[in-house]
Structures are given as structure tokens and as C-alpha cells.
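Structure record follows, encoded as C-alpha cells.
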Amino acid sequence: MKKTLVSALTAALVVGAASTTFAAANPFSDVPSDHWAYDAVSQLAADGVIEGYGDTTFQGDKNITRYEMAQMVAKAMAKASAGNVSGADKALVDKLAAEFSDELNNLGVRVANLERNADMVKWNGTAEYTIARPHKDHQSGAADKAGNVNNVLFRLEPSAEINNHWHVNARLDANSDLANDKGDDGKVTLKRVYALGNYGAFTGKFGKFAPIDDDSIFDTQFSGAEVAYNKGAWSVVAAAGRNNNADDNATDVANYQYYGIGYVNGKLTAGADFHELTSSTVAADYFDSSSYKKSGTTDQADIWLLKGSYTFDHNNAVSGFYAENHDADAFEKAGSLEYDYKGAQRENAGTWGAWVAYRHLGDNVAAFSTFDAVDAGWKAWEIGANYAPFKNVVAQARYAKGKTLAGDTDVDKIFGRVNFFF
């Protein structure tokens, strides 16, 4: 599924950032530097909704008090009530108002209970229709009718609050292939379920969830534990567990560890990650075993990845990554460079975006690629656009054209998707 790379890379770098709110009886206590409110206020400031200290949102690295934060939120609430705030920013203002409701009430600003009195379990999801038409098979060059996609997906993502520190999150998917119209292919599958804990600068995940770099080469499921530490602009993450291959075949399981370090500073994000997969049949189950090792298959994959993005302004951004599996002898490199102009916002009807990218996806490193129009084993240019015709409805279209890495065969693909969010 397409993810706007700027936001996806940022999410991977700031690992484990949670939306858990923390009540504070003392309005003059500092808001922790890793609190989600800083990112929310920074976004509102960038959109001209909220004001900070003079020409900056915060005074350098100085933490501000809950009372000071509430003063800024009160001004944003006034703009929102006057109808001068977009849908996405209004949602941020409401969330901040719920978090700082005690302090706002002390200021004489009446606040609806909003999230504080919301149900303990929240449900989000999407209904999705996808169609894809590859022109040629990337192995033989013949017409690839078997590669056609005509699919609907119904996805539920519940989140349950346990206490101020812990949430439980899940993902349930039901797919139906419209080309076959099978009566039993829409069965519900539990794709993810995990506990998410937040203790100041530390976050932890336990269960089945998405690993880091799920926006590029590891769009797969990970079962295990992850611990992250975020301090200022820097973050580190480490995880250990197991991974099933892309088909979730229980017999194709590998031990899996990953580690990463990230940096976020205003418009710039950067990161370096390392993934290790180990099993007796890792080459056959996860990669192209015929080309993996000249001297035979191996039981291990060691993949390192560098990534980054830069946002020039509200309309223009670039992002990319480079990855390499140093255990493979062929097709061991993958990379992508993308330019994004604007972007559809599901909260705001009429918004749109477009992008152009070049992607090189070696089979033996990008086994879990998330790029819908460019397959693993291709090097290709991609152009695309997305549009929100109505609130919470986003349509996207992509076209990719290039060559296979093996055989240098011409390939192309048309890809389209419509999401209905709720």
C-alpha cells in the first residue's frame, strides 16, 4: 500500500511514538520533551494555527509547562471555533484540548470531555479496492494475466487503552478476489496484535507488529519484542523475534533481529538500520535461491539500510533509501529516490498530490517491498498521483515502466486504488 514516503520514513525513525495521554495534577510541571504534544503544536505552528514564543514555537531545548502549553492551545481553539482551521488541524486541536483540559479550565476555557470520556476501545479502518494490470511478466516477458489484481480489502484496526502507559493494538484483514468471486476467500485474518507501552523516553512493543522499514523493504509481520529510546532529535531501536515469509506460511519461519538509529531535525530525517534473518532455508523461503549464492544457498541474510528525507516546504519533498544484503551474491542491492509534490489529505476533500520516483529493487534484498507499481526484481521509473474527492476517501493511480534485473526484459504496470477510511 502506498505510503507517502516523507511521513512513512519519519514514522520509522521516530520509533514507537505513542498517542497515550498523561494527566498532570500540577499545571506548572514541565511537559516531557518526548511528549506527543510538541509534535502536534509544531505542526499547528507550521500551518499558522498556533503561536509559540515570538518567531519560534519553543525556546530551544527548554521544556515548557502544561500551563504554558494550555495558553497556546486556547488560542488555537479560538481559531478553530471561528472556522479558520482545516479538518486535520482541527483534530489536533481537539486532541490537545482533551490532554490539557484541566489547565484550560483553570484558564476559564470550557473544554468538552472529548477523548477523556471516549470509549476505552477505538475502532478505525478502511475499505479498499485495488486493481493492477502488469503488461508483461518480469521473469519471462510474456503477457502476465495471472498477475492481474482485482481485489477488495476490509481492514479493522482496534486500539484498547489499558492504562496511562499501555495500549493494545490489532489489525484484522478480510480480502476478496473479485476475479474469482470465491465464497470463502473473505475470511478474517489477524495480521497484527501487540501491546504498546510508553514510559517517558522509552517505548516497548510486544506481540505481532510491523518492523522498521515497512515503508521500503520490510512490509511484513514481525513476532517478538521491540524497545526504543527517543531523546531530542535522536532515536534508537532494537528488536528480536521471528518472521514468517510474505505468504504467512507457518513452515517458512526465520529468527529475526533488527536495530536502528534515527535522526529528526525539522525538515530533515535520516536513519541507519540493520536486519538479520536466520533459518536453515532462508534463501529458498525469502529470496531468489537460484541466484542467492554462487557456492550454494545460505542460512542467513544480513541487510543494512540507509534512508532519509527532506521537506522543502508544504508542497515539495524528496526521500530515498539504499539497502544491501551482504550475504547475497546477486540482486543484493535496492534503492529508491522519490520527489513528492503536495499530497492528498483524507480529512480535506479536494486535496491532491503527485510524485515521480526511480526504484531499483533487487530480489535478494527487497523481498518484502511495499512499492505497488514496481515489483521486486525490477528497475523502473514510477509516476503517480492521489486525490481526495470527498472527506475520508482517497484515490491513487500509479504507472511504472522499466526492465527486469534478470534478463533486462521490458516491463510496465498500471496500479489503482481507492480507500474509504473510517
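Residue check, Asp408 against (1) touching a residue at least 40 places away in the same chain (Cβ under 8 Å); (2) part of a loop (DSSP other than H, G, I, E, B); (3) over 24 Å from His275 (Cβ atoms); (4) open to solvent by 40 Å² or more (accessible area, probe 1.4 Å), all met but one. Which one?
Answer for Asp408: the failing condition is (1).
Which numbered condition trips up Thr251, out of (1) under 18 Å from the mean Cα position of the chain (by Cα); (2) hydroxyl-bearing (Ser, Thr, Tyr); (3) modelled with pLDDT under 90?
Here Thr251 clears every test but (1).
Give me a count of the residues in the range 63-104 that are part of a helix (DSSP H, G or I) and open to solvent by 20 Å² or more (accessible area, probe 1.4 Å). Let's see the steps before the verdict.
Narrowing the range 63-104 to residues part of a helix (DSSP H, G or I): 66-81, 87-99, 101-104.
Among the residues that remain, those that are also open to solvent by 20 Å² or more (accessible area, probe 1.4 Å) are: 67-68, 71, 74-75, 77-79, 81, 87-88, 90-92, 94-95, 102.
Looking only at that region, the number is 17.
Among the residues of the range 374-386, count how many are open to solvent by 20 Å² or more (accessible area, probe 1.4 Å), within 14 Å of Gly402 (Cβ to Cβ) and modelled with pLDDT of 95 or more.
Qualifying residue count for the region: 3.
Just a yes or no: is a residue in the range 272-284 at positive phi and of a type outside the set (Lys, Arg)?
Taking the range 272-284 as the starting set, the residues that turn out to be at positive phi are none.
Within the range 272-284, none of the residues are at positive phi and of a type outside the set (Lys, Arg).
State whether the residues of the range 360-373 include one that is more than 25 Å from Asn244 (Cβ to Cβ), more than 20 Å from the chain's Cα centre (by Cα) and either touching a residue at least 40 places away in the same chain (Cβ under 8 Å) or open to solvent by 30 Å² or more (accessible area, probe 1.4 Å) (or both).
Yes, the range 360-373 contains at least one residue that is more than 25 Å from Asn244 (Cβ to Cβ), more than 20 Å from the chain's Cα centre (by Cα) and either touching a residue at least 40 places away in the same chain (Cβ under 8 Å) or open to solvent by 30 Å² or more (accessible area, probe 1.4 Å) (or both).
Looking at the range 147-154, can you tell me whether even one residue there is in contact with a Phe, Trp or Tyr (Cβ under 6 Å, 6 or more places away or on another chain), farther than 30 Å from Val41 by Cβ, open to solvent by 30 Å² or more (accessible area, probe 1.4 Å) and at pLDDT 85 or above?
Kept after step one, since they are in contact with a Phe, Trp or Tyr (Cβ under 6 Å, 6 or more places away or on another chain), are these residues of the range 147-154: 152.
Pick out the ones that are also farther than 30 Å from Val41 by Cβ and you get 152.
Next cut, open to solvent by 30 Å² or more (accessible area, probe 1.4 Å) only: 152.
From the residues that got through so far, the ones that are at pLDDT 85 or above too are 152.
The answer is yes, given that some residue of the range 147-154 is in contact with a Phe, Trp or Tyr (Cβ under 6 Å, 6 or more places away or on another chain), farther than 30 Å from Val41 by Cβ, open to solvent by 30 Å² or more (accessible area, probe 1.4 Å) and at pLDDT 85 or above.
If Lys307 meets every condition in (1) closer than 30 Å to Asn392 by Cβ; (2) under 18 Å from the mean Cα position of the chain (by Cα); (3) surrounded by fewer than 20 Cβ atoms within 10 Å (Cβ to Cβ) apart from one, which number is that one?
(3)
Which members of the range 270-304 meet the condition of being buried (at least 20 other Cβ atoms within 10 Å of the Cβ) and either small (Gly, Ala, Ser) or modelled with pLDDT of 95 or more (or both)?
Of everything in the range 270-304, those that are buried (at least 20 other Cβ atoms within 10 Å of the Cβ) and either small (Gly, Ala, Ser) or modelled with pLDDT of 95 or more (or both) turn out to be Gly271, Asp273, His275, Ser279, Ala283, Ala301, Ile303.
Name the single residue, out of those in the range 187-207 being surrounded by 16 or more Cβ atoms within 10 Å (Cβ to Cβ) and touching an Asp or Glu at 6+ places or on another chain (Cβ under 6 Å), that is modelled with the highest pLDDT.
Lys205
Any residue in the range 369-385 that is over 20 Å from Ile217 (Cα atoms), assigned to a strand (DSSP E or B) and basic (Lys, Arg)?
The first filter runs over the range 369-385 and keeps only residues over 20 Å from Ile217 (Cα atoms), leaving 385.
Cutting the leftovers down to assigned to a strand (DSSP E or B) gives us 385.
Among the residues that remain, those that are also basic (Lys, Arg) are: none.
No: the range 369-385 contains no residue that is over 20 Å from Ile217 (Cα atoms), assigned to a strand (DSSP E or B) and basic (Lys, Arg).
Suppose the filter is at pLDDT 90 or above and out of contact with any helix residue (DSSP H, G or I) (no Cβ under 7 Å at 6 or more places or on another chain); does Leu178 pass it? Steps first, please.
Values: at pLDDT 90 or above: no; out of contact with any helix residue (DSSP H, G or I) (no Cβ under 7 Å at 6 or more places or on another chain): yes.
Spelling it out, it is not the case that Leu178 is at pLDDT 90 or above and out of contact with any helix residue (DSSP H, G or I) (no Cβ under 7 Å at 6 or more places or on another chain).
Any residue that is part of a strand (DSSP E or B) and open to solvent by 30 Å² or more (accessible area, probe 1.4 Å) - is there at least one of those in the range 208-218? Before you say what the answer is, go through the steps one by one.
Kept after step one, since they are part of a strand (DSSP E or B), are these residues of the range 208-218: 208-209, 218.
Filter once more, so that each one left must be open to solvent by 30 Å² or more (accessible area, probe 1.4 Å): 208.
Yes; the residues of the range 208-218 include at least one that is part of a strand (DSSP E or B) and open to solvent by 30 Å² or more (accessible area, probe 1.4 Å).
The values are calculated or read from the model by the stated rules, or taken from the named source; none is laboratory data. Bear in mind that the values here come from a model prediction, so they are computed numbers and not experimental data. Cβ coordinates were reconstructed from backbone atoms using ideal geometry, including for glycine residues, and neighbour counts include every protein chain displayed. Keep in mind that these areas ignore ligands, DNA and RNA; they rest on the heavy atoms of the full protein, side chains included. Shrake-Rupley method; radii C 1.70, N 1.55, O 1.52, S 1.80 Å.
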